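Participant: What follows is a structure written as structure tokens; I'll ask about it next.
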Amino acid sequence: MARRRVVITGMGCVSPVGNSADAAWESVKNGKSGIGLVTLFNTDRLDVKIAGEVKNFRMEDYGIPSRSTRKMARFSKFCLAATAQALKDSGYSAKELQSEKCGILVGCCLGGSDAATDGFLKLVDPAIGPSRMPPLTTPMMISNEAAANVSIFYGLQGFSWTLGTACASGTDALGLAADLIRAGRCNVCISGGTEATITEFSMASFASLQALASRFNESPQRASRPFDRDRCGFVLSEGSAMFVMEEYEHAKSRGAKIYAEVAGFGSSCDAYHITAPLKDGSGAAKAVKEALEDAGMKAGDIQYYNAHGTSTKANDSGESSMIKIAFGEHAKKLHISSTKSMTGHLVGAAGAIEALFCIKTINEGFIAPTINLDNQDFEGGCDLDYTANVGIKADVRVAASASLGFGGHNGCIILKRVEG
């Protein structure tokens, strides 16, 4: 029996670089950064004062009344807004989906950080205390609530799951969703990632690990600089990218617009350290090789690789080593870029928005740049072609994106142009 094929038929996005799939792509295509000074809270106590905030965001712009979102944390709102865009793009109505074999699978790492922070501050405030904490603190902060709120809003009673594998969450959610469609568990799956963790507590926590870019408060748009000699950490960001995924014949039968096919997925764990990746990249390379095997492809079949490219010393050097292991000699010919140089790091949503950029790359034949790559770190092993500073036209039939998370979680998804 032939394996069921999985395709993307709808896309939606809320991000620091734009609040739609087209707007976000237009920004990164042109090398426009979404990083700026934090406005969501007072940063006076922090050394790091920059982040990738979502701007000009209103639920009403997506046909969602504000009264429907009063009991939602920011990450849930982002997810619902991105889902609304993806469903509209796919041509599905809520009523049609209710009669479909449809599920929801969302990647999320930290959940409702804003709700957790707000609840904790009230708890430790002597004038407020535990008896007056917001009663919805728990249901707003737990990571499953984004998927749950999508189910509730659209009346979808199929599986509604959340996957948490740190920074690999978005990629793993898309890969697992594809597997579920292949297995016949559903014909349609709403999947992607969401995150909203720009709070004082979260930023202080990451800063204490010396993980955040700390030298660019005066020039925020220069802070995220993957593979550059002067990189000093990642930039924390927020947002969501969501997709409508369908079985290929099912999508064709309803005349759906098809953006790309999910060709392969691979997952691995470094089994090494709670925060640091394996220096030689061998753990992540296993995920890429597994994705290639799943897709029935060779390394040379991939034209573009969207790098995890966080702008940390450890990641960028280790990932460059991983690319050489996974792609062999083809690594030297591979087009690579890190769109995190413009979006910052969306944590659990990172892999999802980067999959979106891969799809746009395939559809438009254009590779977005890695901005701020002014002094490539050759001595640190970052010696590949990362599309420095200016995007290029290229015929991309197949693209891969890998995400590497705390705990050693690695995921890789391969997307290709639909033929036949």
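Participant: Which ones in the stretch 145-164 are open to solvent by 40 Å² or more (accessible area, probe 1.4 Å) and among the β-branched types (Val, Ile, Thr)?
Facilitator: Matches in the stretch 145-164: Ile152, Thr162.
Participant: Considering every residue within the stretch 233-249, establish whether at least one is open to solvent by 30 Å² or more (accessible area, probe 1.4 Å) and either at pLDDT 95 or above or not in a loop (DSSP other than H, G, I, E, B) (or both).
Facilitator: yes
Participant: Which residues, taken from the stretch 1-51, are within 24 Å of Ala352 (Cα to Cα), part of a loop (DSSP other than H, G, I, E, B) and open to solvent by less than 60 Å² (accessible area, probe 1.4 Å)?
Facilitator: Correct list: Pro16, Val17, Asn19, Ser20, Gly31, Ser33, Gly34, Ile35, Val38.
Participant: While we're on this one: From Lys49, Lys71, Lys88, which residue is of a type in the set (Lys, Arg) and farther than 22 Å from Gln157 by Cα?
Facilitator: Lys49
Participant: Give just the number: which of (1) surrounded by 15 or more Cβ atoms within 10 Å (Cβ to Cβ); (2) in a loop (DSSP other than H, G, I, E, B) does Gly170 not satisfy?
Facilitator: Here Gly170 clears every test but (2).
Participant: Looking at (1) out of contact with any Cys (no Cβ under 8 Å at 6 or more places or on another chain); (2) over 26 Å from Lys77 (Cα atoms); (3) modelled with pLDDT of 95 or more; (4) open to solvent by 10 Å² or more (accessible area, probe 1.4 Å), find the lone condition where Arg215 falls short.
Facilitator: For Arg215, the exception is condition (1).
Participant: If you don't mind, another one. Would you pick out the residues in the stretch 25-61 that are farther than 16 Å from Thr343 by Cβ, touching a residue at least 24 places away in the same chain (Cβ under 8 Å) and basic (Lys, Arg)?
Facilitator: Arg45, Lys49
Participant: I'd like the residue in the stretch 66-122 that is polar (S, T, N, Q) and within 14 Å of Glu195 (Cβ to Cβ) and, out of all such residues, is modelled with the highest pLDDT.
Facilitator: Among those that are polar (S, T, N, Q) and within 14 Å of Glu195 (Cβ to Cβ), it is Ser76.
Participant: Further question: Sort through Ala284, Ala314 and tell me the only one that's in contact (Cβ under 8 Å) with a residue 24 or more places away in the chain, within 22 Å of Thr370 (Cα to Cα), hydrophobic (A, V, I, L, M, F, W, C) and open to solvent by less than 20 Å² (accessible area, probe 1.4 Å).
Facilitator: Ala284
Participant: Quick check on the stretch 185-197. Is at least one of its residues over 24 Å from Gln85 (Cβ atoms), among the β-branched types (Val, Ile, Thr), modelled with pLDDT of 95 or more and assigned to a loop (DSSP other than H, G, I, E, B)?
Facilitator: Scanning the stretch 185-197, I find no residue that is over 24 Å from Gln85 (Cβ atoms), among the β-branched types (Val, Ile, Thr), modelled with pLDDT of 95 or more and assigned to a loop (DSSP other than H, G, I, E, B), so the answer is no.
Participant: Within 26 Å of Ala115 (Cβ to Cβ) and among the acidic types (Asp, Glu): is that true of Glu238 in this structure?
Facilitator: yes
Participant: So Ala271 ticks every box in (1) surrounded by fewer than 17 Cβ atoms within 10 Å (Cβ to Cβ); (2) within 19 Å of the chain's Cα centre (by Cα) but one. Which box is left unticked?
Facilitator: (2)
Participant: Given the conditions (1) in a loop (DSSP other than H, G, I, E, B); (2) at negative phi; (3) at pLDDT 95 or above, and given that Asn56 satisfies all but one, which numbered condition is not satisfied?
Facilitator: (2)
Participant: Among the residues of the stretch 287-309, how many are open to solvent by less than 10 Å² (accessible area, probe 1.4 Å) and not in a helix (DSSP H, G or I)?
Facilitator: Within the stretch 287-309, residues that are open to solvent by less than 10 Å² (accessible area, probe 1.4 Å) and not in a helix (DSSP H, G or I) number 7.
Participant: Going through Asp230, Asp179 one at a time, which residue ends up being part of a loop (DSSP other than H, G, I, E, B) and either buried (at least 24 other Cβ atoms within 10 Å of the Cβ) or modelled with pLDDT of 95 or more (or both)?
Facilitator: Asp230
Participant: Considering only the stretch 358-379, I want to know if a residue exists there that is at positive phi, crowded, with 20+ Cβ neighbours inside 10 Å, more than 17 Å from the chain's Cα centre (by Cα) and in a loop (DSSP other than H, G, I, E, B).
Facilitator: Within the stretch 358-379, one or more residues are at positive phi, crowded, with 20+ Cβ neighbours inside 10 Å, more than 17 Å from the chain's Cα centre (by Cα) and in a loop (DSSP other than H, G, I, E, B).
Participant: Within the group Ser191, Ser219, Ser237, which residue is out of contact with any His (no Cβ under 7 Å at 6 or more places or on another chain) and either within 29 Å of Ser143 (Cα to Cα) or in contact (Cβ under 8 Å) with a residue 24 or more places away in the chain (or both)?
Facilitator: None of the other options fit; the residue is Ser191.
Participant: Please find, among Ala116, Ala94, the residue that is closer than 22 Å to Glu247 by Cα, open to solvent by 10 Å² or more (accessible area, probe 1.4 Å) and either touching an Asp or Glu at 6+ places or on another chain (Cβ under 6 Å) or among the aliphatic types (A, V, I, L, M) (or both).
Facilitator: Ala94
Participant: Another question, if that's okay. Can you tell which of Val106, Val150 is in contact with a strand residue (DSSP E or B) (Cβ under 7 Å, 6 or more places away or on another chain) and not in a helix (DSSP H, G or I)?
Facilitator: Val106
Participant: So which residues in the stretch 384-398 are out of contact with any Gly (no Cβ under 9 Å at 6 or more places or on another chain) and under 23 Å from Ser317 (Cβ atoms)?
Facilitator: Answer for the stretch 384-398, where residues must be out of contact with any Gly (no Cβ under 9 Å at 6 or more places or on another chain) and under 23 Å from Ser317 (Cβ atoms): Leu384, Asp385, Thr387, Ala388.
Participant: Taking only the stretch 131-147 into account, find how many residues are part of a helix (DSSP H, G or I), within 20 Å of Ala73 (Cβ to Cβ) and not β-branched (Val, Ile, Thr).
Facilitator: 7
Participant: Run Gly119 past the list (1) at positive phi; (2) without any contact (Cβ under 8 Å) to a residue 24 or more places away in the chain and report the number of the one that doesn't hold.
Facilitator: (1)
The values are calculated or read from the model by the stated rules, or taken from the named source; none is laboratory data. The structure presented is a predicted model; accordingly, all values stated were derived computationally and were not measured. Note: ideal-geometry Cβ built from the backbone for every residue, glycine included; neighbour counts use all protein chains shown. These area figures cover heavy atoms from the full protein model, side chains too; ligands, DNA and RNA do not enter into them. Shrake-Rupley method; radii C 1.70, N 1.55, O 1.52, S 1.80 Å.
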